[in-house]
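Visitor: To start, I am sharing the structure in question, which I have written as structure tokens.
The values are calculated or read from the model by the stated rules, or taken from the named source; none is laboratory data. These numbers come from a predicted model, not from an experiment. Side chains are part of the model used for accessible areas, which takes the heavy atoms of the whole protein and leaves out ligands, DNA and RNA. Shrake-Rupley method; radii C 1.70, N 1.55, O 1.52, S 1.80 Å.
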Amino acid sequence: MSTTNDNKSNRRVALRVYEQVNLFYQKISLSQLNETQPGFNNILNSFTQSQPSSRITEETSFPFSQSQENDTLNVNISTSGIAFTCQEELKNGDYLMLRILLLSSMTTVMTCCKVVYCKPSNPYESNRYPYAIGAQFVNLTAEDSELLSTHVGKRNKQQLIVNGSIAAFTLAFISAPDQALALLLGIGHHALELLLHILHLAFEFLEIGLDHFIEHQFHTDLHETQVIVFYVLITCGLIAFYFLGRMALFAVVRWSKYLFLYWSRKKSSCLYFWGQQSLVNRIKIVGIGTTAIAGYIFFGL
């Protein structure tokens, strides 16, 4: 009983982060797990040897994915386990072979795990898988454990910096909206002035350089040099405008998709949280929120 409680405590204490991964898995039996030493390659060899020779192909060198090929999931991962969604209803105690591709660092972790829970996933998620799975790593190697620990720690620091910055900006804006807005406009104005000044200096430097180069290489007079430089600069400007426009459009589309996905997840999480609350808790949440908003409007504005 104490061992079980210790394991639960370790899972709670371990740093957990949300991460975009490509996840591939295959169910295995407990005998396949116990017949070999810890390590993914030994488990995989045992699994491959148990298959008929007609089924052993190059593709069996990795776990078969029962999700879509190259499917990207937003999983919750730590050095002790992983939580993800899938199409198949798994049972508590099932053992899985996993291959986890961490997309942010393009790092692969291969191990086995034991399913500790399987429950319906958030019904408000769009394009969701029906089941949410929680699994505990059972034979993670020291190298993969160190890799995951480093990766999770790095991602946790990044999330703390981002969330802390957002929280600080939100609190500053709520406490002094006029000053915060004026500060943002001032910073934007100075940044725009600096950018235009740099572009102007770059244009002047390029124009003077082209004047000297064309005049000395082609032995043209002042008027011919200016005409040639004018058309060269126009051509270079159009080409730069084309590529910068494509890059800007790509960035806008990418960030729009990211923000929409972020908004959809937060919305579905809030709806799921609200649906799990009792009537009393809902009344408490609405009352506290209304009081806070009314107090801010009355005393803060």
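Visitor: Solvent-accessible area of D144, probe 1.4 Å, all protein chains present, reported in Å² to the nearest ten, please.
Guide: So the heavy atoms of D144 present about 30 Å² to solvent.
Visitor: Equivalent ellipsoid semi-axes for region 182-301, as square roots of 5 times the alpha carbon gyration tensor eigenvalues: give them largest first, rounded to whole Å.
Guide: The answer is 59, 20, 7 Å, longest axis first.
Visitor: Please report, to one decimal in angstroms, the Kirkwood hydrodynamic radius of region 100-157 built from all distinct Cα-Cα pairs.
Guide: Values: mean 1/r = 0.0745 Å⁻¹.
It works out to 13.4 Å.
Visitor: From the protein chains alone at 1.4 Å, what is the descending order of accessible area for E193, E89, largest first? Walk me through the numbers on the way to the answer.
Guide: Details: E193 95, E89 120 Å².
Result of the area sort, largest leading: E89, E193.
Visitor: Which translational diffusion coefficient, to the nearest whole µm²/s, is obtained for region 128-240 from the Stokes-Einstein equation, given a Kirkwood hydrodynamic radius over C-alpha pairs, 20 °C and 1.002 mPa s?
Guide: Values: Rh = 21.0 Å.
For these conditions, the coefficient is 102 µm²/s.
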